[in-house]
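The structure under discussion appears below in the form of structure tokens.
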Amino acid sequence: MLELKNITYTVENEQGRSLDILRDINLTVDERFVAITGPNGGGKSTLAKVIAGIITPTSGQILLDGEDITTCSITERAQKGISFAFQQPVRFKGLTVKDLITLAAGRDISISEACNFLSEVGLCAREYINREINASLSGGELKRIEIAMILARGTKLSIFDEPEAGIDLWSFNNLIRVFENMHEKLGGSILIISHQERILNIADRVIVVADGRIRTEGSREEILPDLLADGVSPCAVLTEKL
Amino acid sequence: MDKIEQNLLEQIADLHEVPQGAYNIRANGETAGRSTTENIDIVTKADKPGIDIIIKAGTKKESVHIPVLLSQTGHQEMVYNDFFVGEDADVVIVAGCGIHNGGDEESRHDGIHAFHLAPGARVRYVEKHYGSGNGNGRRVMNPTTVLDLAQNAYMEMETTQIKGVTSTKRDTRATLAAGATLIIKEKLMTHGEQVAETDFVIDLNGEDASAHVVSRSVAKDTSRQVFRSCVNGNSRCTAHTECDAIIMDDACVSAIPEVTANHLDASLIHEAAIGKIAGEQLIKLMTLGLSEKEAEEQIVSGFLK
């Protein structure tokens, strides 16, 4: 179970004035599938980075299964069971898909095991396993490899920052299936930042973050209609679909 | 051959014992072993130190190993090796130099390798340089490689220096006739106060000659690297050179490209990129549970793989 207590994150802007990115966030994640949505620039990605240890909050406390991990490094949090799929995956010259999946698994895994993770995200394993994570891979391919790494880690908390961004429509249908499957397979909790109605639709709980605050939260049945009604819909596409 | 020499041999040629096929092992200036085959002859030069390696036309699937080992501190040498590769031969040549310097005097190997590829000959040339030893003596290697590729000849050159060489000046000059192809892959890592200079001069003289040079390097500590490449397109030809370097600590890397088109249909490209390890690469690997140091090691070893 992940708990955030009174998390704030304040930065100084160019004029030297302080700017609140996160304001007093209190949040508990113990369901299987929690989605965070909200307008761009509302603080969602910052929140994910605070949980993964990439950003240190100005104040507040983060607990994982009751243990205070506020001062833990990225590495320590990863080792304690937090995984984080980046919104924009990173390219590595020289490192292959197999290398990264192996590092993610944290042990020597067989080619067939590594291939299973790739097949899971809809990539032909034979074609990708020895490819370098370089500019020859498209954004959509990288996103799927990023998700395969999270599967390989299999930790108790997996955070995905807009997994749908950069994925084409055809792949998107597959992506939904991946998350539906993951829901079944991963033992732990999934925390997913998304603008997509279909992803929000499979969440146990939906949290709306706007202007650095939790605007509202509840079951998808409670939240999704309200998103439209009060005009803070996460994106135009969602507004149309709802 | 003692333990030190065996280790050097393993490092530079992946050899645990004497190789299969033709070979010539040079240790501290002496011939420590030689073997020839029906198609590959090795002859000691009469006028200066070094050997001639003569590969008959049409020789296929054979290899030549010519490792050089230096384990006596203060040993300095200049060696001339000539490779004559016959028409349509297809061979692998493994060279390399290992210096173990346990003393305080400078050990140095300067080698001039000249390759004469007859029409249609194909060569894969692998060269590794390695240094070890706890002495204060410098370990210096200055390899010069001269490549003369006749019509439709093909040469792939992999040159690697990962560890322990105090100072190196690597000079490679190539001339390509019509239809000839040259591929060079250089991998280089310097650390401590090491200095490495690389110079490529490639003349594409014949129609449809092509050259592809990729240099990847990592400079750590206060080491310095200079990469120079000069490509002259003298006829309808294509060339691509690429220098990609990771800089760490207080190191310094220069990339100096020069491409000259002397012909309207010469198509020449040079790319150079130097930078530190991207912060997001480190962060990504740390979110997989690696420490910052482990992440750095993975990135560097992948880059030089």
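The values are calculated or read from the model by the stated rules, or taken from the named source; none is laboratory data. Here the structure is a predicted model, which is why all the values come from computation and not from measurement. Neighbour counts run over all protein chains shown; Cβ positions are idealised from the backbone, glycine included.
Among the candidates A:ILE62, A:ILE74, single out the residue that is free of Cβ contacts under 8 Å to residues at least 40 places away in the same chain, crowded, with 18+ Cβ neighbours inside 10 Å and either more than 11 Å from chain B (Cβ to nearest Cβ) or closer than 30 Å to A:SER18 by Cα (or both).
Values: A:ILE62 fails: free of Cβ contacts under 8 Å to residues at least 40 places away in the same chain.
The unique qualifying residue is A:ILE74.
Of the residues that make up segment A:111-124, is at least one within 25 Å of A:VAL34 (Cβ to Cβ) and either in contact with a Phe, Trp or Tyr (Cβ under 9 Å, 6 or more places away or on another chain) or of a type in the set (Gly, Ala, Ser) (or both)?
Yes, the conditions are met somewhere in segment A:111-124.
Only one residue in A:LYS80, A:LYS93 is within 9 Å of chain B (Cβ to nearest Cβ), in contact with a strand residue (DSSP E or B) (Cβ under 9 Å, 6 or more places away or on another chain) and surrounded by fewer than 19 Cβ atoms within 10 Å (Cβ to Cβ). Which one?
Details: A:LYS80 fails: within 9 Å of chain B (Cβ to nearest Cβ).
Exactly one of A:LYS80, A:LYS93 is within 9 Å of chain B (Cβ to nearest Cβ), in contact with a strand residue (DSSP E or B) (Cβ under 9 Å, 6 or more places away or on another chain) and surrounded by fewer than 19 Cβ atoms within 10 Å (Cβ to Cβ), namely A:LYS93.
Applying the selection to segment A:10-31, what residues are in contact (Cβ under 8 Å) with a residue 24 or more places away in the chain and farther than 15 Å from A:GLY212 by Cβ? Before you say what the answer is, go through the steps one by one.
Going through segment A:10-31, the residues in contact (Cβ under 8 Å) with a residue 24 or more places away in the chain turn out to be A:10, A:20-31.
Scanning segment A:10-31 gives A:THR28, A:VAL29, A:ASP30, A:GLU31.
Collect the residues in segment A:151-175 that are β-branched (Val, Ile, Thr) and modelled with pLDDT of 90 or more, keeping them in residue-number order.
Residues satisfying the conditions are A:THR155, A:ILE159.
What number of residues within segment A:135-153 are within 14 Å of another protein chain (Cβ to nearest Cβ) and acidic (Asp, Glu)?
Within segment A:135-153, residues that are within 14 Å of another protein chain (Cβ to nearest Cβ) and acidic (Asp, Glu) number 1.
Confirm whether B:ASP104 is farther than 30 Å from B:ASN136 by Cβ and charged (D, E, K, R).
When the stated conditions are applied, B:ASP104 does not pass them.
Which condition from (1) surrounded by fewer than 21 Cβ atoms within 10 Å (Cβ to Cβ); (2) in contact with a strand residue (DSSP E or B) (Cβ under 7 Å, 6 or more places away or on another chain); (3) charged (D, E, K, R) is the one that B:ASP47 breaks?
Of the numbered conditions (1) surrounded by fewer than 21 Cβ atoms within 10 Å (Cβ to Cβ); (2) in contact with a strand residue (DSSP E or B) (Cβ under 7 Å, 6 or more places away or on another chain); (3) charged (D, E, K, R), the odd one out for B:ASP47 is (2).
Name the residue, out of B:SER217, B:SER229, B:SER210, that is within 14 Å of chain A (Cβ to nearest Cβ), under 22 Å from the mean Cα position of the chain (by Cα) and either in a strand (DSSP E or B) or not basic (Lys, Arg) (or both). Write out each step before concluding.
On the way: B:SER229 fails: within 14 Å of chain A (Cβ to nearest Cβ); B:SER210 fails: within 14 Å of chain A (Cβ to nearest Cβ).
B:SER217 is the lone residue from the list that is within 14 Å of chain A (Cβ to nearest Cβ), under 22 Å from the mean Cα position of the chain (by Cα) and either in a strand (DSSP E or B) or not basic (Lys, Arg) (or both).
Step by step: first the residues of segment A:53-88, then only those that are outside any strand (DSSP E or B) and acidic (Asp, Glu), then the one that is farthest from A:GLY212 (Cα to Cα). Which residue is that? Let's see the steps before the verdict.
Of segment A:53-88, the ones outside any strand (DSSP E or B) are A:53-58, A:65-66, A:69-81, A:86-88.
Those left that are additionally acidic (Asp, Glu): A:65, A:76.
Numbers: A:ASP65: 25, A:GLU76: 26 Å.
Taking the candidates together, the pick is A:GLU76.
Got a number for residues in segment B:274-305 being surrounded by 15 or more Cβ atoms within 10 Å (Cβ to Cβ) and in a loop (DSSP other than H, G, I, E, B)?
So the answer is 7.
For segment B:247-293, how many residues meet the condition of being away from chain A (no Cβ under 14 Å), touching a Ser or Thr at 6+ places or on another chain (Cβ under 6 Å) and of a type outside the set (A, V, I, L, M, F, W, C)?
5
Kindly indicate the residue of segment A:137-191 that is of a type outside the set (A, V, I, L, M) and part of a strand (DSSP E or B) and also surrounded by the fewest Cβ atoms within 10 Å (Cβ to Cβ) among those meeting that condition. Reasoning before the result, please.
Pass one, segment A:137-191, residues of a type outside the set (A, V, I, L, M): A:138-141, A:143-144, A:146, A:153-156, A:158, A:160-164, A:166, A:168, A:170-174, A:177, A:179-181, A:183-185, A:187-189.
Filter once more, keeping what is part of a strand (DSSP E or B): A:158, A:160-161, A:189.
Numbers: A:SER158: 22, A:PHE160: 26, A:ASP161: 22, A:SER189: 20.
The qualifying residue surrounded by the fewest Cβ atoms within 10 Å (Cβ to Cβ) is A:SER189.
Quick one: would you say A:GLY42 is assigned to a loop (DSSP other than H, G, I, E, B), of a type in the set (Gly, Ala, Ser), surrounded by 14 or more Cβ atoms within 10 Å (Cβ to Cβ) and in contact (Cβ under 8 Å) with a residue 60 or more places away in the chain?
Working: assigned to a loop (DSSP other than H, G, I, E, B): yes; of a type in the set (Gly, Ala, Ser): yes; surrounded by 14 or more Cβ atoms within 10 Å (Cβ to Cβ): yes; in contact (Cβ under 8 Å) with a residue 60 or more places away in the chain: yes.
Against the criterion (assigned to a loop (DSSP other than H, G, I, E, B), of a type in the set (Gly, Ala, Ser), surrounded by 14 or more Cβ atoms within 10 Å (Cβ to Cβ) and in contact (Cβ under 8 Å) with a residue 60 or more places away in the chain), A:GLY42 qualifies.
May I ask you to list the residues in segment A:104-134 that are over 23 Å from A:GLN79 (Cβ atoms), in a loop (DSSP other than H, G, I, E, B) and within 14 Å of chain B (Cβ to nearest Cβ)?
Listed by number, the residues that qualify are A:ASN130, A:ARG131, A:ASN134.
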